[in-house]
Amino acid sequence: TPKPLSSFWGPPLGLNQVETIIKRLRRKPHSRRAVIQLFEAEDIQDAHLDIPCTCSLQFMVRDRRLDMFTHMRSNDAYLGLPHDIFAFTMIQEIIARTLSIDIGTYKHFVGSLHLYDRNLDQANAYLDEGWQSTKKYCMPSMPACDPSGSIKLLLAAEEDLRLNGSLDLMEFQKLDPYWMDLIHLLRIFSHKANGDKEQIYIVSRDLECRAYKQLLDLWI
């Protein structure tokens with residue numbers, strides 16, 4: 001499992017790797033050194049299970065587009081891969097928007113890509129859901145502006161929902177619909193954890209993205 005965002009986004013390590021590569025690519029767009037390291041030498045010193053599957057994330061600007069290369073030592077095709085692809089391309093889009101450039105290609109390299117027998121039926125059921133089509137269910141593009149302020153508000157909303165179970169939507173009225181939809185999805189996740197399908201239906205009516213509504217209609 002990749003380390004949490006905080007491990008390369010800022011504290012507690014004190015070394016903000018994302019900020020560092022953004023500064024580097026602004027100063028030298030064709031740099032080949034814009035690499036975020038997750039797997040560390042000490043990770044294999046002691047015998048324990050909780051070590052990163054992700055070795056590194058590399059970013060390159062080519063033709064004013066941000067390419068990203070992810071190197072995984074190991075990846076579970078059912079339990080990890082779908083979530084990792086989403087998380088890493090989200091980071092790619094955030095950094096591209098921060099640099100005011102477009103998204104380029106994304107390449108995902110895995111040393112050991114595997115699927116355990118015990119998850120085979122679940123993996124087949126997941127594929128049979130048909131929710132993976134990017135033609136029918138496409139997430140909208142992130143607004144073409146610096147996302148840092150919106151991300152801070154999104155994180156604040158997540159914290160309020162996690163700690164208090166509620167949210168004052170008036171604080172987020174000025175957010176772009178893209179980010180507001182993500183807050184609504186966090187609200188839906190909170191109601192899902194409580195098994196409250198009626199509230200999920202009510203919140204789903206606030207969503208702007210048609211693809212999100214279609215997926216929720218199928219789930220509900």
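A few remarks follow.
- For the chain, accessible area per residue (1.4 Å probe, heavy atoms of protein chains only), Å²: 63 Å²
- Straight-line cross-link partners of K23 among the aspartates and glutamates, defined as a Cα under 15 Å from its Cα and at least 8 positions apart when in the same chain: D146.
- Rounded percent of accessible protein surface that carbon and sulfur make up, the chain, 1.4 Å probe: 53 percent
- Alpha-carbon spread of the range 61-202, three principal axes, descending order, Å: 46, 43, 29
- Cross-link partners of K152 among aspartates and glutamates (Cα-Cα below 14 Å; sequence separation of 8 or more within a chain): D160, E171, D176
- Mean separation of Cα contacts under 8 Å (6+ apart) over length of the chain, as relative contact order %: 13 percent
- Antiparallel DSSP beta bridges within the chain, percent to nearest 5: 55 percent
The values are calculated or read from the model by the stated rules, or taken from the named source; none is laboratory data. Values in this document were obtained by computation on a predicted structure and should not be read as measured data. Areas reflect the complete protein model, heavy atoms only, side chains present, ligands, DNA and RNA absent. Shrake-Rupley method; radii C 1.70, N 1.55, O 1.52, S 1.80 Å.
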